[in-house]
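The values are calculated or read from the model by the stated rules, or taken from the named source; none is laboratory data. As the structure is a computational prediction, the values presented were derived from the model and not from experiment. A quick note on method: Cβ atoms are made from the backbone with ideal geometry, for glycine too, and the neighbour counts reach across all protein chains shown. Heads up: the accessible areas ignore ligands, DNA and RNA and are worked out on the full protein's heavy atoms, side chains in. Shrake-Rupley method; radii C 1.70, N 1.55, O 1.52, S 1.80 Å.
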Amino acid sequence: MSGILVLQSDFGLSDGAVSAMYGVALAVDRSLSLFDLTHDIPPFQIWDASYRLLQTMPYWPEETVFVSVVDPGVGSDRKSVVVKTSTNHYVVTPDNGTLTHLYQHIGIVEARIIDEEKNRLPHSGASHTFHGRDIYAYTGARLASGIITFYEVGPITPIEAIIQLPMKDAYCEEKIITGFIDILDVRYGNIWTNISRDLFQKLLPEYGGSLEITILNGAEEIYHSTILFGRSFADAPIGSPILYVNSIDHLAIAINQDSFAKQYEIGTGANWKVIIKK
Amino acid sequence: MSGILVLQSDFGLSDGAVSAMYGVALAVDRSLSLFDLTHDIPPFQIWDASYRLLQTMPYWPEETVFVSVVDPGVGSDRKSVVVKTSTNHYVVTPDNGTLTHLYQHIGIVEARIIDEEKNRLPHSGASHTFHGRDIYAYTGARLASGIITFYEVGPITPIEAIIQLPMKDAYCEEKIITGFIDILDVRYGNIWTNISRDLFQKLLPEYGGSLEITILNGAEEIYHSTILFGRSFADAPIGSPILYVNSIDHLAIAINQDSFAKQYEIGTGANWKVIIKK
Amino acid sequence: MSGILVLQSDFGLSDGAVSAMYGVALAVDRSLSLFDLTHDIPPFQIWDASYRLLQTMPYWPEETVFVSVVDPGVGSDRKSVVVKTSTNHYVVTPDNGTLTHLYQHIGIVEARIIDEEKNRLPHSGASHTFHGRDIYAYTGARLASGIITFYEVGPITPIEAIIQLPMKDAYCEEKIITGFIDILDVRYGNIWTNISRDLFQKLLPEYGGSLEITILNGAEEIYHSTILFGRSFADAPIGSPILYVNSIDHLAIAINQDSFAKQYEIGTGANWKVIIKK
């Protein structure tokens, strides 16, 4: 059975960068199965790369190797690592925070620093700027194909040493839930919070009922209204907001067939608070 | 011989949605061959999804399984179906009009409603919003790989019950052809009509001759001029309009190296009429 | 071992054109491995298509067949060719300048004109506008799969007859290097010159030192300043310009985490001069 390699980056698909990575991987092993997560991570947005790995990895077969290259520090002294997750997937990436969501929500069982003396595309030594091709795609392909074992990637490093971006958990106090905006569902303009279905259940919500929603950017109130809780967009009239549980079992806010994010100029990260009362 | 699965959606490629569908399909059968039609259908535009299936399906090998997810009614009571076409291809889709063009132009020989008790990604029951991943990709992959037969998809439903979008045929009366704008060739701004080469032949056109073209939006005249009939763009000077037979054997209007659609703000659908006189 | 086919075009991925090409290739041979270079070449920009082939081809396994369709002259009398490079790759393309960079920098060892009587998708004769699907994808797939040999593509043609776009080499005179802007790294706004690392070495540059850079558009001075020479973006403060050797061993200019190209409205081609003094 041939190995599976999945690539993610902020390179876009308009030039030859991703294609060169594909070529390098196939030159390692022509029988590899190659796929993309996305190459449209906004430039340098490590948080988004971290989030997308969490969103998709659980659906891929065990032993799939992910290569994620959002690397504003290429050429600096940031380390390159390969980690194994508790779900038996591998991720090849610069150690710059890309592993934050996997670390917090899925678990990493072992981490190794890439030995760039042994794991680098031959004759690529003079280029310092395209590690995605010369180190990450090359190493990911060799690991996915079985040419090297995880052990041969390089020396082990403590899991606690992996770089983490700041994250805040959602919480419930006195029947009020406070969470944060994890990411925007870009194409549709929906707001995805870090409030899990389980946490939300503490409010004993019922489909068809309404809840009071406040969105703050720091201290500034951006939105305050009651919103219907439904199973999906279609439960709200076209143009109306709806609260629902999204495809990764988190609470989300949408406008049926319009963009909530654009209408209220919503951003993401730990500074964007969502407060829910019944 | 491994099965072929082709995915279409309005999800875009900027987040993890399509990648999660790929992962689900490969977890069903790692030997599946996976490809995309497009994921850039404009959000909720069922007409475009229907059109793109007609445009591409005939070129794919028999028994290819298409999964098309443009699904503004996700979570409503719209049905999910799998159909077999007269060309021996399969389509897995919400029953919301996505099958209109195939029904009219290629023919559907059998339709089955997806039994979601049996054909749903295990442990995905709590999510009501990502049927593309949990039902359509999963069912398409199982069908393409031979794990289930078409019969095992679920109960048969009458072909006439399949939801159809309104369509109007082109026609010729007194040496005047009236047709409609089926779709725009987005990247180049060309107008693709529903006037077939055969119908057009009734005017006895000759390459190098000119025809009188009128474009109406409802009752309003948007364009009126004579246009050269050529084999392809290169037959017209740069910047000049040209009438030609496009890659699916329909009449089309372009400006050589410019966008006709943008220049005259052209739209699509049964309200946009194209009238041709010799 | 199944053949590898890599597609490039200016079609974009928003309609069904690329998918139809994939279908045609798989109908020729279901075991083919299909990949993309990019389909986002700006419409009709043959120079960019030529450049992208040079940028990526060397990383792909030998015998990979590339199909490149940027074809403003479709339907004119431009020829269709298949060439074999000195690196043992094949390119199927209209003969319109797409082979310029490969010709100059890698070398073409044999060229054949496609015999369209024998190498055309059956029953596609009536369409004159989609040679990408009907001739190039079809012929590329048959060559990659071994159904036809290179010899069976059609008659040999002299390598010197291949159409070339005008190019100017970079040069060094009296310790001043003059080069040209080959292409923009679109997503990041970096300037990629045609000045090789070897030529640049004549100035005896040192990492951490600065050089005087002038950019001219024809006779007009667009930019003039000294810029730090570093290993990569991270060597410059955020927002500062940096001179570096890019992933194809040419000299490039960037602003760390911003777009140099946008800030100074930079273009490409032999009219855009870059002058470097130590």
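Of note:
- Shielding score for A:19-31, defined as the mean number of other chain Cβ atoms within 10 Å: 6
- Charged neighbours of residue A:24, selected by a Cβ distance under 13 Å, balance to +2 (K, R count +1; D, E count -1).
- Radius of gyration and Dmax over the Cα atoms of the protein assembly as shown, both given in Å: 27.6, 83
- The range B:143-153 - phi-based ³J(HN,Hα) in whole Hz, Karplus 6.51/-1.76/1.60, Gly and Pro as x: 6, 5, 7, x, 5, 10, 8, 4, 4, 7, 4
- Inter-copy label distances at residue C:157 (7 Å, Cα→Cβ; nm, one decimal): 5.3, 5.3
- q = 0.12 Å⁻¹: log10 I(q)/I(0) that the Debye formula gives for the range C:123-278, counting C-alpha atoms only: -0.65
- Per-residue shielding of C:76-83, expressed as the average number of other chain Cβ atoms within 10 Å of the residue Cβ, stands at 1.
- Between B and C, buried accessible area from a 1.4 angstrom probe totals roughly 2700 Å², ignoring ligands, DNA and RNA.
- Net lengthening on full extension, residue C:117/residue C:164 (0.36 nm per residue, minus Cα-Cα): 14.3 nm
- If you plug the beta carbon distance of residue B:87 and residue C:147 into 1/(1 + (r/R0)^6) with R0 = 22 Å, you get a FRET efficiency near 0.45.
- Angle between chain C longest axis and helix C:17-28 axis [Cα atoms, degrees, rounded to 10]: 50 degrees
- Nearest-10 value in Å² for the accessible area of residue B:178, using the 1.4 Å probe: 10 Å²
- Across the identical copies, the 7 Å label point of residue B:115, projected outward along Cα→Cβ, sits 5.5, 5.5 nm from its counterparts, in ascending order.
- In terms of overall dimensions, the range C:109-214 has a Cα radius of gyration and Dmax of 22.2, 64 angstrom.
- Rough spin-label spacing in nm, given labels placed 7 Å along Cα→Cβ, for residue A:222 and residue A:186: 1.7 nm
- Loop-located chymotrypsin sites (Phe, Trp or Tyr not before Pro) in the range A:187-224 whose Cβ has at most 14 other Cβ within 10 Å (DSSP): A:207
- Taking other residues whose beta carbon is less than 11 angstrom from the beta carbon of residue A:254, and scoring Lys, Arg as +1 and Asp, Glu as -1, yields -3.
- Considering only B:222, B:108, B:183, the Gaussian network model of chain B with Cα springs below 10 Å gives its largest mean-square fluctuation to B:222.
- Derived value for chain C: Kirkwood hydrodynamic radius 20.1 Å. Basis is the mean of 1/r over every pair of different alpha-carbon atoms.
- Per DSSP, loop trypsin sites (Lys or Arg not before Pro) in the range B:95-179 with at most 11 further Cβ within 10 Å: B:175
- Percent of Cα-Cα distances greater than 19 Å, calculated over the range C:19-137: 46 percent
- Of the residues C:255, C:27, B:92, the one whose Cα sits farthest towards the positive end of the charge dipole of the protein assembly as shown is C:27 (charges of +1 on Lys and Arg Cβ, -1 on Asp and Glu Cβ, taken about the Cα centre).
- Placing a label point 7 Å from the Cα of residue C:30 along the Cα-to-Cβ direction, the distances to the matching points in the other copies come to 2.1, 2.1 nm, shortest first.
- Placing dummy labels 7 Å off each Cα toward the beta-carbon, the span from residue B:249 to residue A:202 is 6.5 nm.
- Loop GluC sites (Glu not before Pro), the range C:184-278, which have at most 10 other Cβ atoms in a 10 Å radius of their Cβ (DSSP): C:206, C:265
- Angle in degrees between helix B:46-56 and the longest Cα principal axis of chain B, rounded to the nearest 10: 80 degrees
- Set of aspartates and glutamates with alpha-carbon distance to residue B:262 below 12 Å, sequence-local pairs under 8 removed: B:185
- In chain C, the DSSP-assigned H stretches of four residues or longer account for a calculated mean residue ellipticity at 222 nm of -4000 deg cm²/dmol, using -39500 (n - 2.57) per stretch and the full residue count as denominator.
- The rotation axis taking chain A to chain C passes closest to the C-beta of one chain A residue; that residue and the distance in whole Å read A:13, 5.
- Chain A: most fluctuating residue of A:50, A:210, A:68 per GNM, C-alpha cutoff 10 Å: A:210
- Cut-off 11 Å between beta-carbons: net charge of the residues surrounding residue C:40, Lys and Arg +1, Asp and Glu -1: -1
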